[in-house]
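Trainee: One structure, as structure tokens, below. Some questions next.
The values are calculated or read from the model by the stated rules, or taken from the named source; none is laboratory data. Model, not experiment: these values are computed from the prediction. No Cβ is skipped: glycine too gets one built from the backbone with ideal geometry, and neighbour counts run over all protein chains shown.
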Amino acid sequence: MLKKRLIVCLLWNNGVIVQSVHFRHTNAVGNALTAVDFFHTWTVDEIIVLDVSRIEADRSNFYQMIRELSRRCFIPLTVGGKIKTVEDMRELFRNGADKIAINTEAVRNPNLITEGAHMYGGQAIVVSIDAKKTEEQTHEVCIQNGSAATGLLAPEWAKTAEERGAGEIFLTSIDCDGSLQGYDIALVRSVSEAVHIPVIASGGVGEWQHFVDGIMQGKADAVSAANIFHFSEQSTRKAKDYMLSHGIDVRKPAYYTVQTPRYPEYKV
């Protein structure tokens, strides 16, 4: 069985890394290069960088930032945001991305998933799904930074994405985003049970236990967070210690030593 992964998500907004609460991107917290230096030291398994800028601008600064990240980062780097064509994918791969995450354009043009998978392999194509709970307690897919409802239900859209060739689902709850109250477990479980490809849970982490819940209860293959890791004291090493002590099989750092669990009640 594959080990579970701990993934950091960085939200890039016109040159700075920002925090997010219900998809409102505020509170600049630094730059991506400094963040990656910390995360690489902390033995995170992967990094996802999403361009959430709402103003269309010259992408050269974003490409340059990805180039610099790839030079510093020796773990998988997934890049998403404003990707509309396979040519956009090609440009990001040229600049150092290992995987591509597509969201809005995947819904508008599902064939983009297939084209990308045929050209670069399904393992390199991640479909990002942003979902919001409905009055009927289902979860509707939203696009355009969560601002536009689509009428699609998250599990069904995830199935379609898999059929189209996606190798992974990056699943974010708009309702839980920035809440610190944990993942939307019902959402995560419904999508995880609907597909055979890995599902990454995102949105709402406020303490290490939420990572455990996402895997044990939500059946996710990987867990991700953004806001919680913006400060150096909230290291991914502590998160992995906690996950290991609660029975989650994650990759151990090379310098990891078995210890009595140190963070049984740790909250951030």
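Trainee: Among the residues of region 109-126 satisfying the criterion of being more than 22 Å from residue 69 (Cβ to Cβ) and among the aliphatic types (A, V, I, L, M), which is surrounded by the fewest Cβ atoms within 10 Å (Cβ to Cβ)? Can you show your working first?
Mentor: Of the residues in region 109-126, the ones more than 22 Å from residue 69 (Cβ to Cβ) are 109-115, 117-119, 122.
Still in the running and among the aliphatic types (A, V, I, L, M): 112-113, 117, 119.
Details: 112: 23, 113: 25, 117: 17, 119: 13.
My answer is 119.
Trainee: I would also like to ask the following. Suppose the filter is within 21 Å of residue 146 (Cα to Cα), surrounded by 20 or more Cβ atoms within 10 Å (Cβ to Cβ) and at pLDDT 95 or above; does residue 106 pass it?
Mentor: Details: within 21 Å of residue 146 (Cα to Cα): yes; surrounded by 20 or more Cβ atoms within 10 Å (Cβ to Cβ): yes; at pLDDT 95 or above: yes.
Criteria met by residue 106.
Trainee: Criterion first (out of contact with any Leu (no Cβ under 9 Å at 6 or more places or on another chain), among the small types (Gly, Ala, Ser) and in contact (Cβ under 8 Å) with a residue 60 or more places away in the chain) does residue 151 satisfy it?
Mentor: Values: out of contact with any Leu (no Cβ under 9 Å at 6 or more places or on another chain): yes; among the small types (Gly, Ala, Ser): yes; in contact (Cβ under 8 Å) with a residue 60 or more places away in the chain: no.
When the stated conditions are applied, residue 151 does not pass them.
Trainee: May I ask you to verify whether residue 66 is part of a helix (DSSP H, G or I), within 21 Å of residue 167 (Cβ to Cβ) and at pLDDT below 95? Walk me through how you get there before you give the answer.
Mentor: On the way: part of a helix (DSSP H, G or I): yes; within 21 Å of residue 167 (Cβ to Cβ): yes; at pLDDT below 95: yes.
So residue 66 passes the test.
Trainee: Which pairs do you get when a residue that is more than 16 Å from residue 227 (Cα to Cα), found in region 40-62, comes within reach of a residue that is outside any loop (DSSP other than H, G, I, E, B) and at pLDDT below 70, reach meaning Cβ atoms under 9 angstrom, with the pair 6+ apart or on two chains?
Mentor: Within 9 Å, the pairs are 53/25; 54/25.
Trainee: To continue, here is another question. Name the pairs whose Cβ atoms lie under 8 Å apart, with the first residue in region 9-21 and under 16 Å from residue 177 (Cα atoms) and small (Gly, Ala, Ser), the second in a strand (DSSP E or B) and modelled with pLDDT of 85 or more, and 6 or more positions between them or separate chains?
Mentor: Note: pairs meeting the criteria are 20/11.
Trainee: Taking into account only those residues within region 5-24 that are surrounded by 22 or more Cβ atoms within 10 Å (Cβ to Cβ) and not aliphatic (A, V, I, L, M), which is modelled with the lowest pLDDT?
Mentor: Residue satisfying both the conditions and the ranking: 20.
Yes or no, residue by residue, for (1) out of contact with any strand residue (DSSP E or B) (no Cβ under 6 Å at 6 or more places or on another chain); (2) without any contact (Cβ under 8 Å) to a residue 24 or more places away in the chain; (3) buried (at least 23 other Cβ atoms within 10 Å of the Cβ); (4) not polar (S, T, N, Q):
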{"residue": "170", "(1), (2), (3), (4)": "no, no, yes, yes"}
{"residue": "196", "(1), (2), (3), (4)": "yes, no, no, yes"}
{"residue": "201", "(1), (2), (3), (4)": "no, no, yes, yes"}
{"residue": "208", "(1), (2), (3), (4)": "yes, no, yes, yes"}
{"residue": "222", "(1), (2), (3), (4)": "no, no, yes, yes"}
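Trainee: Which ones in region 82-106 are over 19 Å from residue 53 (Cα atoms) and in a helix (DSSP H, G or I)?
Mentor: Selection gives 86, 87, 90, 93, 94.
Trainee: Looking at (1) out of contact with any Leu (no Cβ under 6 Å at 6 or more places or on another chain); (2) in a helix (DSSP H, G or I); (3) of a type in the set (A, V, I, L, M), which is the only condition residue 220 fails?
Mentor: Result: residue 220 passes all but (2).
Trainee: Given the options 228, 200, 215, name the one that is in a strand (DSSP E or B), among the aliphatic types (A, V, I, L, M) and either under 16 Å from the mean Cα position of the chain (by Cα) or within 28 Å of residue 13 (Cα to Cα) (or both). Quick ask: steps written out before the conclusion?
Mentor: Values: 228 fails: in a strand (DSSP E or B); 215 fails: in a strand (DSSP E or B).
So the residue among 228, 200, 215 that is in a strand (DSSP E or B), among the aliphatic types (A, V, I, L, M) and either under 16 Å from the mean Cα position of the chain (by Cα) or within 28 Å of residue 13 (Cα to Cα) (or both) is 200.
Trainee: Ok, one more. Only one of 48, 75, 55 is outside any strand (DSSP E or B) and at pLDDT 80 or above. Can you tell me which? Before you say what the answer is, go through the steps one by one.
Mentor: Numbers: 48 fails: outside any strand (DSSP E or B); 55 fails: at pLDDT 80 or above.
Every option except 75 fails the conditions.
Trainee: From the list 180, 187, which one is over 19 Å from residue 47 (Cβ atoms), touching a residue at least 12 places away in the same chain (Cβ under 8 Å), within 17 Å of the chain's Cα centre (by Cα) and crowded, with 23+ Cβ neighbours inside 10 Å? Write out each step before concluding.
Mentor: Details: 180 fails: crowded, with 23+ Cβ neighbours inside 10 Å.
Answer to the selection: 187.
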